[in-house]
Amino acid sequence: MRALLLESVHPDAVELLRARGCEVQLVERAYDEAELIAALTGVQLLGIRSKTDVTAAVLAQASDLLAIGAFCIGTNQIDLAAAGARGVAVFNAPFSNTRSVVELAIAEIIALTRRLTQKNTDMHAGVWDKSAAGAHEIRGRRLGIVGYGNIGAQLSVLAEALGMAVSFYDTADKLALGNARRCGSLDELLETSDIVTLHVDGRPSNKDIFGEEQFARMRPGSLFLNLSRGFVVDHHALRQHIESGHVAGAAVDVFPTEPKGRGDEFVSELRGLPNVILTPHIGGSTEEAQADIGSFVATKLALYAQEGATTLSVNLPPVALPQQPGTHRVLHIHRNTPGVLAAVNGILADHGVNIEGQLLATRGEIGYLLTDIGLDYSDDVVKMMREMSQTIRLRVLS
Ligand SMILES: NC(=O)c1ccc[n+]([C@@H]2O[C@H](COP(=O)([O-])OP(=O)(O)OC[C@H]3O[C@@H](n4cnc5c(N)ncnc54)[C@H](O)[C@@H]3O)[C@@H](O)[C@H]2O)c1
């Protein structure tokens with residue numbers, strides 16, 4: 001196996017793939033389309049971050065490529081449909097930075113509740129304002145979490161451990177952890193929480209779900225955090241409620257439009273407001289999260305290469321099966337049409353090949369069949385399966 005890892009992916013990924021017998025080429029920067037096409041000959045595993053686009057044209061010419069690892073959260077830079085249609089598995093790291101986001105939220109909740117940013121600004125200006133006015137403990141305060149997914153639920157547990165009371169509102173049916181209280185509506189959460197924090201996902205219908213009406217419903221003197229997506233919140237409304245004092249403070253990490261690169265000016269209506277913490281989309285940016293992304297995605301690539309496991313693949317059906325000793329494994333990615341399983345098993349039966357283990361899963365137009373067979377089989381079996389009209393890709397692990 002040869003792996004090409006672009007964009008300085010974490011050293012843990014390199015180490016892990018090398019330990020599994022992979023020959024790894026490391027490149028610090030992103031590749032453009034032409035460079036990528038040229039570099040992928042003889043490469044089975046490709047690792048990228050957010051700046052390398054894997055287009056349909058790249059995939060059309062990458063006949064050796066088995067899998068792509070996005071060493072980040074998003075996969076917009078990859079043409080997932082084209083990858084699926086060519087039987088190329090794509091993996092990412094959807095959970096690796098969730099703890100980092102939770103810890104930043106906790107830090108900000110305490111900082112805002114103690115008005116630390118104001119005290120810090122005053123001190124740097126030479127002002128010694130030793131007073132308890134407006135500073136509170138978070139113990140006993142009610143945190144309202146909107147979006148109780150990977151991040152929201154972890155935050156719930158840590159906040160309770162710090163003595164907070166927790167409410168949450170989620171559009172999906174979620175299990176309440178610890179003593180967290182589920183709210184029947186967003187309004188109920190807004191009217192009863194001292195601190196409101198958004199952790200919803202980026203589905204298009206979440207655009208502008210939090211504006212004038214929602215801020216007005218929050219309790220006077222409450223705090224607001226958004227570490228989810230920028231387009232969810234109306235920043236003009238937030239500014240007005242901070243200026244009026246109705247919202248006592250806010251922490252915002254994500255913005256409707258963000259500067260393209262380091263050094264570009266950050267333009268926002270929220271600049272210059274008191275007790276408002278602004279951070280440049282760094283909720284998930286820690287060295288620990290980067291290391292976790294490195295080992296998480298590299299493990300997924302290695303397990304796919306060596307065992308055919310597609311657990312948590314972004315585009316292929318999820319299949320993982322412990323392999324029986326004394327078998328060969330046939331990995332068959334195919335177009336999902338009726339009769340594929342029967343046809344494969346017909347070929348095996350006609351040739352007297354014993355099936356020791358088998359698992360099929362489908363996802364949209366793609367099917368993935370994993371079959372462990374006894375060692376006594378002829379090349380004809382593999383040839384016939386490969387020549388089936390539905391076959392996209394066939395691999396045998398011996
Ligand atoms: N600031 C950062 O650097 C950073 C880092 C990682 C993730 N994020 C963002 O944090 C958010 C949460 O991430 P996650 O991993 O917990 O996602 P997740 O998919 O696990 O959870 C999202 C939850 O929000 C719920 N939801 C969606 N729309 C809702 C709505 N309108 N009202 C109430 N609930 C709603 C979903 O049902 C789900 O339970 C995502 O938007 C993600 O992009 C930001």
Within region 188-211, residues within 12 Å of the ligand (Cβ to nearest atom) and either loosely packed, with under 15 Cβ neighbours inside 10 Å or in a loop (DSSP other than H, G, I, E, B) (or both) come out as HIS199, VAL200, ASP201, GLY202, ARG203, PRO204, SER205, LYS207, ASP208, ILE209
Checked region 129-157 for anything in contact with a Phe, Trp or Tyr (Cβ under 6 Å, 6 or more places away or on another chain) and more than 8 Å from the ligand (Cβ to nearest atom); matches are ILE145
With criteria (1) open to solvent by 50 Å² or more (accessible area, probe 1.4 Å); (2) over 16 Å from TYR368 (Cβ atoms), HIS246 comes up short on (1)
Within region 215-231, residues being over 15 Å from LEU273 (Cβ atoms) and touching a Leu at 6+ places or on another chain (Cβ under 6 Å) number 3
ASP292 vs (1) surrounded by fewer than 17 Cβ atoms within 10 Å (Cβ to Cβ); (2) closer than 30 Å to GLU103 by Cα; (3) in contact (Cβ under 8 Å) with a residue 60 or more places away in the chain; (4) out of contact with any helix residue (DSSP H, G or I) (no Cβ under 6 Å at 6 or more places or on another chain): all pass except (1)
Subset of region 176-187, residues surrounded by 13 or more Cβ atoms within 10 Å (Cβ to Cβ), under 27 Å from the mean Cα position of the chain (by Cα) and outside any strand (DSSP E or B), comes to ALA176, LEU177, ALA180, CYS183, LEU186
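Let's see how each residue does on (1) within 15 Å of the ligand (Cβ to nearest atom); (2) not aliphatic (A, V, I, L, M):
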position: PHE71; (1), (2): yes, yes
position: GLY74; (1), (2): yes, yes
position: ALA83; (1), (2): no, no
position: PHE91; (1), (2): no, yes
position: PHE95; (1), (2): yes, yes
position: GLU108; (1), (2): yes, yes
GLY261 vs (1) in contact (Cβ under 8 Å) with a residue 12 or more places away in the chain; (2) more than 16 Å from the ligand (Cβ to nearest atom); (3) open to solvent by less than 60 Å² (accessible area, probe 1.4 Å): all pass except (1)
Cβ pairs under 8 Å, 6+ apart or interchain, first in region 191-212 and more than 15 Å from HIS241 (Cβ to Cβ) and of a type in the set (D, E, K, R), second open to solvent by 50 Å² or more (accessible area, probe 1.4 Å) and within 9 Å of the ligand (Cβ to nearest atom), ordered by first then second residue, are ASP201/ARG229
Within region 223-233, identify whether any single residue is surrounded by fewer than 16 Cβ atoms within 10 Å (Cβ to Cβ) and at pLDDT 95 or above, and answer yes or no. no
Flagged in region 357-375 as of a type in the set (Asp, Glu) and surrounded by 17 or more Cβ atoms within 10 Å (Cβ to Cβ), in numbering order, are ASP372
Of the candidates GLN290, GLN323, GLN358, the one satisfying the condition of being at pLDDT below 95 and in contact with a strand residue (DSSP E or B) (Cβ under 6 Å, 6 or more places away or on another chain) is GLN323
From the option list GLN240, GLN214, single residue qualifying as open to solvent by 70 Å² or more (accessible area, probe 1.4 Å), at pLDDT 95 or above and polar (S, T, N, Q) is GLN240
Turns out the helices (runs of 4 or more DSSP H) fully within region 1-64 with at least 3 residues that are touching a residue at least 60 places away in the same chain (Cβ under 8 Å) are 11-19
Reported set for region 230-258 where residues are in a loop (DSSP other than H, G, I, E, B), of a type outside the set (Asp, Glu) and within 16 Å of the ligand (Cβ to nearest atom) is VAL254, PHE255, PRO256, THR257
ALA85 passes all but one of the listed conditions (1) in contact with a Ser or Thr (Cβ under 9 Å, 6 or more places away or on another chain); (2) in contact (Cβ under 8 Å) with a residue 24 or more places away in the chain; the exception is number (1)
Given (1) over 25 Å from the mean Cα position of the chain (by Cα); (2) open to solvent by less than 10 Å² (accessible area, probe 1.4 Å), PHE71 misses just (1)
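The values are calculated or read from the model by the stated rules, or taken from the named source; none is laboratory data. Because the structure is predicted, anything quoted here is derived from the model rather than measured. For neighbour counting, all protein chains shown are included, and Cβ atoms are generated from backbone atoms with ideal geometry for every residue, glycine included. Surface areas here come from the heavy atoms of the whole protein model, side chains and all, with no ligands, DNA or RNA. Shrake-Rupley method; radii C 1.70, N 1.55, O 1.52, S 1.80 Å.
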